[in-house]
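Peer 1: Please find one structure pasted underneath; my questions will follow.
The values are calculated or read from the model by the stated rules, or taken from the named source; none is laboratory data. What you are looking at is a predicted structure, and each value in this text was computed from that prediction instead of being measured. FYI the Cβ positions are ideal-geometry reconstructions off the backbone, even for glycines, and counts take in every protein chain you see. Heads up: the accessible areas ignore ligands, DNA and RNA and are worked out on the full protein's heavy atoms, side chains in. Shrake-Rupley method; radii C 1.70, N 1.55, O 1.52, S 1.80 Å.
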Amino acid sequence: MQAARVRQPVGVYKAFEVSRGSEGEALFRQVTSDLSIEEREYFSFCFYDKEEGIRHWLYNDKKILKQLKNLPQEFSFEVKFYPTTPTTIVDDHARYYVFLQLRRDILTGRLPATADTHALHGSFVVEMTIKCIKCYFFF
């Protein structure tokens, strides 16, 4: 067994145990279960080649070690595909993590868009923030 270090959507790192010959799906199931995500299709892991400064996506159907090629087992759990209409996400946890990354991508400039699109995305973030505050106070 080996420890894979995963940066979760809230920015903290957590270690997950995977066997040496595991495919990405084994780690993906552990993390999505830990985060209580049911709508998994929007998410994936990425890892960074710090020498080249390139982000790579981890394929769930391939062995982890073959994809890393001597890089450390350190991943970031991120949104790989933004839904066209974020409000259609049924799973509250998945919606929350999509909006966390959407907010981060807007703030860092990773998400290029027009001012109108940024305003629309900002409204989605505000909507999710209000829903999350209600969740914490009423449940």
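Peer 1: Restricting attention to segment 8-21, and to residues there that are open to solvent by less than 50 Å² (accessible area, probe 1.4 Å) and touching a strand residue (DSSP E or B) at 6+ places or on another chain (Cβ under 9 Å), which single residue is modelled with the highest pLDDT? Outline the logic, then answer.
Peer 2: Taking segment 8-21 and keeping what is open to solvent by less than 50 Å² (accessible area, probe 1.4 Å), we get 8-9, 11, 16, 18, 21.
Now restrict to residues that are touching a strand residue (DSSP E or B) at 6+ places or on another chain (Cβ under 9 Å): 8-9, 16, 18, 21.
Working: Gln8: 93, Pro9: 90, Phe16: 96, Val18: 92, Gly21: 88.
Checked segment 8-21; the qualifying residue modelled with the highest pLDDT is Phe16.
Peer 1: I've got another one for you. Which one is nearest to Glu78 (Cα to Cα) among residues in segment 1-60 that are touching a residue at least 40 places away in the same chain (Cβ under 8 Å) and among the basic types (Lys, Arg)?
Peer 2: That would be Arg7.
Peer 1: So, Glu38, is that one modelled with pLDDT under 95 and either touching a Leu at 6+ places or on another chain (Cβ under 9 Å) or farther than 20 Å from Gln101 by Cβ (or both) or not?
Peer 2: Details: modelled with pLDDT under 95: yes; either touching a Leu at 6+ places or on another chain (Cβ under 9 Å) or farther than 20 Å from Gln101 by Cβ (or both): no.
When the stated conditions are applied, Glu38 does not pass them.
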